[in-house]
């Protein structure tokens with residue numbers, strides 16, 4: 001923790017230096033910045049955030065006119081929850097390159113994360129307005145999630161569904177859609193949805209997640225266990241709502257497969273949050289079994 005605060009202090013000093021420097025950058029400085037930028041991005045891809053932070057700070061210090069370095073530095077700072085500093089660098093990247101849609105989308109995510117939903121929607125709209133933006137599904141899906149937070153479910157579903165049509169492997173989109181469907185129904189406890197349409201939506205979105213995100217080996221490697229458990233829970237609840245308890249039980253069982261039963265019964269600390277959907281699967285499996293035992 002102390003190391004990080006030292007790093008942040010160094011960042012602030014570096015930023016003051018950048019703000020006051022001349023606009024001309026020598027070829028040597030530009031080359032040094034590019035090397036630091038490449039090392040920073042490589043470290044970011046390895047999730048070595050502190051090395052990434054150091055290298056990207058060096059990049060913007062060597063060449064304050066390199067928009068990619070400001071964008072990447074903003075991403076690192078955003079990940080480290082230094083939102084105000086991240087916003088400065090996202091906006092600096094956009095001042096240097098106005099059609100930088102990746103930076104616009106990431107700025108929108110930061111605005112979404114800080115509760116500025118209307119501003120976030122505007123940012124995502126700008127990103128989508130660039131026909132050369134290579135990953136429009138990200139801004140489309142993020143715009144939908146911003147509308148969700150504003151309570152506009154129709155717009156939320158419309159944009160997230162557009163995102164998964166653009167990129168069927170946009171796994172987060174299926175999670176958002178299944179969650180929105182679940183919240184239309186009971187939304188709590190081990191109670192299956194009574195509404196047939198809600199149950200059908202939960203099954204549809206969860207099955208698409210399984211097909212595109214779990215059955216694709218390369219994509220499956222990137223799916224966090226918590227998301228896998230959540231989607232199997234939604235699939236199980238949807239099937240239960242469609243009066244298919246045996247198939248629902250199969251999903252709940254798959255959801256908890258390989259987990260330590262003792263740890264699952266009484267998780268502590270971070271594990272309690274990480275295993276929240278696995279525990280729901282466990283309780284739902286017991287509820288399905290109990291209901292089956294009571295059936296004539």
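From least to most packed, judged by other beta carbons within 10 angstrom and beginning with the fewest, 97, 221 follow the order 221, 97. Across 217, 115, 40, mean-square fluctuation computed from a Gaussian network of the chain (C-alpha pairs under 10 Å connected) peaks at 217. The calculated FRET efficiency for residue 243 paired with residue 263, based on their beta-carbon distance and R0 = 45 Å, is about 0.85.
For segment 152-296, just say rounded, prolate or oblate: build the C-alpha gyration tensor, square-root its eigenvalues into a ≥ b ≥ c, call rounded for a/c under 1.5, and beyond that prolate if a/b exceeds b/c, oblate if not.
Cα axes put segment 152-296 in the oblate bin.
Kirkwood's formula applied to the C-alpha pairs of segment 50-181 gives a hydrodynamic radius of 15.0 angstrom.
Report the FRET efficiency, 1/(1 + (r/R0)^6), for residue 132 and residue 276, where r is their Cβ-Cβ distance and R0 is 51 Å, rounded to 0.05. Working shown, then result.
Values: r = 41 Å, r/R0 = 0.80.
Calculated value: 0.80.
To the nearest ten degrees, helix 101-113 and the longest principal axis of the Cα atoms of the chain are 60 degrees apart.
Note on the chain: with a GNM built from Cα contacts shorter than 10 Å, the maximum mean-square fluctuation among 72, 285, 220 falls on 220.
Shown for 122, 63: other C-beta atoms within 10 Å of each C-beta, ranked fewest to most, produce the order 122, 63. The angle between the Cα long axis of helix 117-128 and the longest principal axis of the Cα atoms of the chain comes to about 70 degrees, rounded to the nearest 10. Segment residue 211..residue 83, full-extension length gain: 42.6 nm, with 0.36 nm per residue of separation and the alpha-carbon distance subtracted.
Quick check on segment 28-122: take the gyration tensor over C-alpha atoms, sort the square-rooted eigenvalues as a ≥ b ≥ c, and tell me if it's rounded (a/c under 1.5), prolate or oblate. Oblate shape, in that a/c is at least 1.5 and b/c is the bigger or equal ratio. The candidate values are [x] 54; [y] 58; [z] 47; the one derived from this structure for percent of Cα pairs over 25 Å apart carries the label [y].
For a paramagnetic label modelled at 7 Å from the Cα of residue 204 toward its Cβ, which residues of segment 228-254 fall within the zone defined by backbone nitrogen distances under 16 Å? It comes to 235, 238-239, 242, nothing else. Spin-label model, residue 197 to residue 286: label points 7 Å out along the Cα-to-beta-carbon direction sit 3.5 nm apart. The overall shape of segment 113-178 is oblate: from the C-alpha gyration tensor, with semi-axes ordered a ≥ b ≥ c, the ratio a/c is 1.5 or greater and a/b is no larger than b/c.
Since every read-out is calculated from the coordinates, none of them should be taken as a lab result. What you are looking at is a predicted structure, and each value in this text was computed from that prediction instead of being measured. Virtual Cβ from ideal backbone geometry, glycine too; neighbours counted across all protein chains shown.
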